[in-house]
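Visitor: My questions all concern the structure below.
Computed from the coordinates by the stated procedures, all read-outs in this text should not be read as laboratory data. What you are looking at is a predicted structure, and each value in this text was computed from that prediction instead of being measured. Here the Cβ is made from the backbone with ideal geometry for all residues, glycine too, and neighbour counts use every protein chain on show.
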Amino acid sequence: MSILVDEKSRVVIQGITGREGMTRAKLMKDYGTNVVAGVTPGRGGQDVYGIPVYDSVEEAGEKQGPIDISVIFIPAALVKNAALEAIDAGVKLLVIVPDRVPIFDVLEISGAAKEKGARFVGPNTLGLLSPGKAVLGMIGGRAERAREWFKAGPIGVSSRSGGMTSAISYYLTQAGCGQSTIIHVGGDAIVGLSHPEVMELFEQDGETRAVAMFGEIGTTQEERVADLIESRKFSKPLIAFIGGKAAKSGTRFSHAGAIVEGNRGSYETKVKRLREAGVLVVDSIFDIPKKAKELLK
Amino acid sequence: MARLYEYQSKKLLSEGGVRVPRGEVAFSAAEARAIARKIAKPVVLKIQVWLTGRAGLGGIQFADSPQEAEEKAGRLLGMKVKNSVIDRILVEEKLAVKAEYFAGLVLDDAQKCPLLIFSSVGGTGIEEIARKHPEKIAKLAIDVGAGLGEFEARNLVRKAGLTGNVMTQLAELLTRFYEVARTKDARSAEINPLVLTEDDFVYAADCHLVIDDYAVFRHPELGIEVAREFDRPPTELEKIAYKVEEKDYRGTFYFFQMTEKIPEDEKYIGFHGAGGGGSMMSMDAVLDKGFKLANYCDTSGNPPASKVYRAAKIILSQPGIRGYFASGSGLASQEQYHSARGLIKAFTEEHLSVPAVIRLGGNYEEEAIRILGAYGQNLPAKVEGYGRDDAPEKCASRLEELIRENREVKHEVRPIAEFRPIAEAYSFDTLTGKLFIDHRKCPGCKSKGCLGACAPKILKLQGDRPVLAITPEEAKKGKCTECLACEIFCCFHEQNAIVIHLPIPGLKEYREKLLRD
C-alpha cells in the first residue's frame, strides 16, 4: 500500500503545455502515473506525449471521467485560480508545485479545500512518489532515475525539503530499506498537508512500518507531530532529523508571533519536544538509514 | 519577508482609516526641526530601524521645541544600531497617554488562517505580560473568505476585558487594521502600543508591517527594493544579486551577506547551497568545522547554468574568503551538469585561487563531476566535485584540507574587464545575455563539437560554421537555455571562438569601488 497516490489514481496536470508542465508530464507518464488529461485554458484539443489537453478541469472530467488528483504547474501568481478551479471541479487532492505563491492565496485555497473536503500538498513542493506505482510532481527528475533511486518498502518519508526527500529516500534504498510513499510537504511557512497530517496518513497505512521525517526550524509542524504522538494518534516508530541547527535564531520583529507560538519553532524546542515524545532524533542524515535498518530487523 | 519602517506602516494604516499621530519622516536634523515646527506641539523622535526595543537603545527621544528636536535629531541620525546606521527618524506629535493596548496579526500555520491577537495591556514587555496575565489576551482565528466582522472584533476586545466607548472604538480600529494587513498582503502586523489618549481617542502609536515576499509584485506602490527577509537594509552586493533574480524567472537565487568586511584572521568561506534543506544541512557541516560564512547563497528549482554562473561571480566578489563550498541535498532532480558549467565559467574567468569543493549529487552527477575535474584542473587552486554518496561532513573536511594545502590563501577580487565583442562575430541574443561566435576561428575546428554539446539542439552548420537552427527571436525568448555547453566545449577543446556574455548590472562598478577603497 501507499498513501495519497498509487498506480490507479487518475491524474490531471494543470499547465501541461508550459516548460515545467511538459517536462514533468513525461516523467510522470514514463514512471507509470495514470495521467488521464492535461489542462491549459485555450489549448484544448492539443496533446502532450499522447495526453489529451482540455480547456478546463471540469471539461477534462466530463470527457475522461472522474479525476482524483490535479498536479499544478502554473506561474505562482495564477496558482490560486487554478487550484480553486480544480477544487470546484471536485478534485480531492491537489499537488501545488510552484514556489512563491502569495501566502494569502494559500489561505484562500485552504479555505476552499476545507469546504469541499479536498486536500493539497504544497505549494513549493517537489511532489510525492509511491515507489513502483506513481509519481506526482517532479521527484526523481527522470523516470529511469526515479526507478533506480526509490524502491517499494515499509518506510514512509516526509520532508520539508525537496532535495532531502529524494536524498533520504535514496540513502534508505542503498541501505536496503524500501519506501511506502515519499512526500515533500513543501517549503513554505503554510502548506496544505504538513508533517502531522502526513503522519496520520502513515498511521492508517498498513504497509508503512516506520517513518523518516526531515524537519526544519520555523513553523510548528514538528512540535505538532510530538503532540500527535503524545495523544496516541501516531504510534509507529519515527526517525527525525532537524535542519538549521547552526542558524542563529532570527531577531524577532513580531511580539505577536512570540505570544502565539511561545518558544515553538526553534531547533532546540523541536528536538526537545520530539525526544520527549519518544522520537529518535538523529544528528546526521546518514544515521537515518542505519536506524531504519535496525528498526526493521 | 519584506519589512516596512514604522513611518511607512503608519502611512498605510492612516490611508486605511486608522488614527495615527501627526508626523513625518526626517532624513536630516533640519528637516526634523521643520516638521516639529509644523506640528507645533511637543514631539517624539523615533529612529527608523527594523528592530524592536528602540527605547532601550536610546533611539526614542522627546523634544519640547523645534530647536530641541533639531539638536536631538542630529544625535540620532548616524547612530549605529546593530548592522545598520540610522539614516531616518520619525518626528511626530507626543500623545497624552491614558492607557496602552496591543494588537497583532500573525498567520497560523496549524489552523491555516490569520490570527488576530488583542491585549488590553500593551507597551514594552508585552510577551512577559502575556505569560503572566493570559486573561488580558484574546485571540481570534479569521476566515480569510469572510474577513473580520466588526461584531467579531467587539467580542475579541470584550474578552480581553474592555467595555464601552473604548471597546467600540477599538473594534472599529481592529477591522481597519486587518483590512490594511490583508490588502497589503502582510505576513505579520502589529500595533504596539495601541494608545488611548487622555481625551479618549485610540491611536496606533507604533506599527510594524511585514509584507509577504511572494506578494510584493502586487504592490509596486510600496517601493520595496529587495523582497527578502532582512533585519537591516540590503547591502550593495545583495541588491546586485536581487536584480539578477528579478530578471530571471528560471529557478530561484537567494543571496544573503553575513559580513561586508571579512576579518583578517578568521576562516571565512563563500557558501553556495542548492535547495533549502540541503543548504541548511551543508551549512551546519561547514560551521561544525569552524568555518564562518561570508555569505549564504542558494540556487535551486532547476536554475539555468547562467544563473548559477552569476551567483558564483557574486560570491567571488567577496575579498578574503579562503575557499568556496557548494553543496545541496545530495540528490537533485535536475541535471547537475548545468550547475557545473556555470561554476566552471565563473571560476575560469576569476582564475580562482582558493580551493572549491562542489557537492553536486543528483541527476547526471557523474557528468557534472567530470566537468569540474576536467575543466577546473588548470586553475591556480583545486576544484573537486563530489556526488550523492559523499556526505556534507566529508566534503567540509576535504575543503579544510585543501585550504590548508593552499596555505590559507585569501581570495582577491579582480576587476571586471569591459566587455568588447568582436565586431564581425556572429551573434544572437539569449534570454539574459548575448552569444558570440567568432566564425573566423571555425575553419580550424575539426570536431564541430559545439553542435553536439548544445543541450536544446538549436545550432546547425552553415558551411563549416555553426549558426542558429531556429530564429533569433526564438533563441531570445528562451529556446537558447544558456546552458553554456557550447562555450565550455569550444573553450577547452577547440578554438575558443564562442563566448556568452552574461552581464551582471552593477557588479563591475561594485568591484571597482571595492578595489579603490
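Visitor: Given points 7 Å out from each Cα along the Cα-Cβ axis, report the B:His501 to B:Met79 separation in nanometres with one decimal.
Guide: 4.9 nm
Visitor: I need the Kirkwood Rh of the stretch B:22-94: take the reciprocal of the average 1/r across all distinct C-alpha pairs and report it in angstrom.
Guide: Kirkwood radius, the stretch B:22-94: 11.6 Å.
Visitor: Using only the Cα atoms of the stretch B:236-405, build the gyration tensor, take square roots of its eigenvalues as a ≥ b ≥ c, and label the shape rounded, prolate or oblate: rounded if a/c is under 1.5, else prolate if a/b is larger than b/c, else oblate.
Guide: Note, shape of the stretch B:236-405 comes out rounded.
Visitor: Oh, and also: Quick check on packing: order A:151-162, B:501-512 by the mean number of other C-beta atoms within 10 Å, highest mean leading.
Guide: Packing proxy ranking, top to bottom: A:151-162, B:501-512.
Visitor: Can you compute the helix-only [θ] at 222 nm over chain B? Use -39500 (n - 2.57) per DSSP H run of at least 4 residues, normalise by all residues, nearest 500 deg cm²/dmol.
Guide: It comes out at -10000 deg cm²/dmol, rounded to the nearest 500.
Visitor: On a straight-distance basis, which aspartates and glutamates could pair with B:Lys446 in a cross-link, Cα separation under 17 angstrom, same-chain partners fewer than 8 positions away excluded?
Guide: B:Asp438, B:Asp464, B:Glu487, B:Glu494
Visitor: Sticking with this one: If the rule is a partner Cβ under 4.7 Å, which cysteines in chain B fail it?
Guide: Cysteines of chain B left without a disulfide-compatible partner: B:Cys113, B:Cys207, B:Cys297, B:Cys395, B:Cys442, B:Cys445, B:Cys454, B:Cys480, B:Cys483, B:Cys490, B:Cys491.
Visitor: Turning to a different aspect of this structure: Excluding A:Glu62 itself, what net charge comes from residues whose Cβ is under 15 Å from its Cβ, given Lys and Arg +1 and Asp and Glu -1?
Guide: Charge balance near A:Glu62 sits at -3.
Visitor: Give the shape of the stretch B:239-287 as rounded, prolate or oblate, defined through the alpha-carbon gyration tensor: a ≥ b ≥ c are the square roots of its eigenvalues, a/c under 1.5 means rounded, and otherwise the shape is prolate if a/b is larger than b/c and oblate if not.
Guide: Note, shape of the stretch B:239-287 comes out oblate.
Visitor: Per-residue ellipticity at 222 nm for chain A, helices alone: DSSP H runs ≥ 4 residues times -39500 (n - 2.57), over residue total, nearest 500 deg cm²/dmol?
Guide: Using -39500 (n - 2.57) per qualifying helix, the result is -11000 deg cm²/dmol.
Visitor: Any idea what angle helix B:66-76 forms with the longest principal axis of chain B, computed on alpha-carbon atoms, 0 to 90 degrees, nearest 10?
Guide: Helix B:66-76 and the main axis of chain B meet at about 40 degrees.
Visitor: Can I ask one more? Across peptide B:326-337, what mean number of C-beta atoms from other chains lies inside 10 Å of a residue's C-beta?
Guide: Mean shielding count: 6.
Visitor: Cross-link list B:Lys382/B:Lys410; A:Lys8/A:Lys116; B:Lys247/B:Lys434: which exceed 19 angstrom alpha carbon to alpha carbon?
Guide: The answer is A:Lys8/A:Lys116.
Visitor: May I pose another question? Show me the ranking of peptides B:113-121, B:282-290 by mean Cβ neighbours inside 10 Å, starting with the highest.
Guide: The packing order, highest mean first, is B:113-121, B:282-290.
Visitor: Suppose R0 equals 30 Å; then what is the FRET efficiency for A:Leu296 and B:Glu401 from their Cβ-Cβ distance, rounded to the nearest 0.05?
Guide: For A:Leu296 and B:Glu401, the calculated efficiency is 0.25.
Visitor: Further question on the same structure: Extension gain B:Ser65-B:Glu236, at 0.36 nm per residue separation less the Cα-Cα distance, in nm?
Guide: That pair, B:Ser65 and B:Glu236, stretches by 57.8 nm at full extension.
Visitor: Once the Cα atoms of helix B:392-405 and of chain B are each reduced to a long axis, what angle between those two axes, in degrees from 0 to 90 to the nearest 10, is obtained?
Guide: Tilt of helix B:392-405: around 70 degrees.
Visitor: Go ahead and collect, in residue order, the members of the stretch B:173-200 whose backbone nitrogen is under 19 Å from a label point 7 Å along the Cα-Cβ direction of B:Arg19.
Guide: Once the point is set 7 Å along Cα→Cβ of B:Arg19, B:173-180, B:191-200 turn out to lie under 19 Å by backbone N, inside the stretch B:173-200.
Visitor: Kindly rank A:213-222, A:10-19, B:373-382, A:169-178 from highest to lowest mean number of other beta carbons found within 10 Å of each residue.
Guide: A:213-222, A:10-19, A:169-178, B:373-382
Visitor: Would you list which lysines come within 23 Å of A:Lys270, measuring only between C-alpha atoms, while excluding same-chain residues fewer than 8 positions from it?
Guide: Output for A:Lys270: A:Lys233, A:Lys236, A:Lys245, A:Lys248, A:Lys290, A:Lys291, B:Lys112.
Visitor: Averaged over peptide A:20-26, how many Cβ atoms belonging to another chain are found within 10 Å of each residue's Cβ?
Guide: Mean inter-chain Cβ contacts per residue within 10 Å come to 1.
Visitor: Related question: Measure nothing fancy, just the Cα-based angle from helix B:337-350's long axis to the longest principal axis of chain B, in degrees from 0 to 90, nearest 10.
Guide: 90 degrees
Visitor: Could you compute the FRET efficiency for B:Ala40 and B:Phe151, with r as their C-beta to C-beta distance and R0 at 30 Å, rounded to 0.05?
Guide: According to the calculation, E is roughly 0.15.
Visitor: If you take every residue apart from B:His351 with its C-beta less than 11 Å away from the C-beta of B:His351, what net charge results, scoring Lys and Arg +1 and Asp and Glu -1?
Guide: -2
Visitor: Summarise the partner chain shielding of B:242-254 as one whole number: the mean count of Cβ atoms from other chains within 10 Å of each residue's Cβ.
Guide: Other-chain Cβ atoms within 10 Å of each residue's Cβ, averaged: 1.
Visitor: Further question: Taking the square root of 5 times each eigenvalue of the Cα gyration tensor, what semi-axes in Å does the equivalent ellipsoid of the stretch A:150-296 have, largest first?
Guide: In descending order the semi-axes read 26, 16, 14 Å.
Visitor: Still on this model: Set the Förster distance to 60 Å, then compute FRET efficiency between B:Asp429 and A:Gln174 from the Cβ-Cβ distance, nearest 0.05.
Guide: 0.85
Visitor: While we're here: Label A:Thr23 and B:Lys476 with points 7 Å out from Cα along Cα→Cβ: what is the distance between them in nm?
Guide: For A:Thr23 paired with B:Lys476, the spin-label model returns 2.4 nm.
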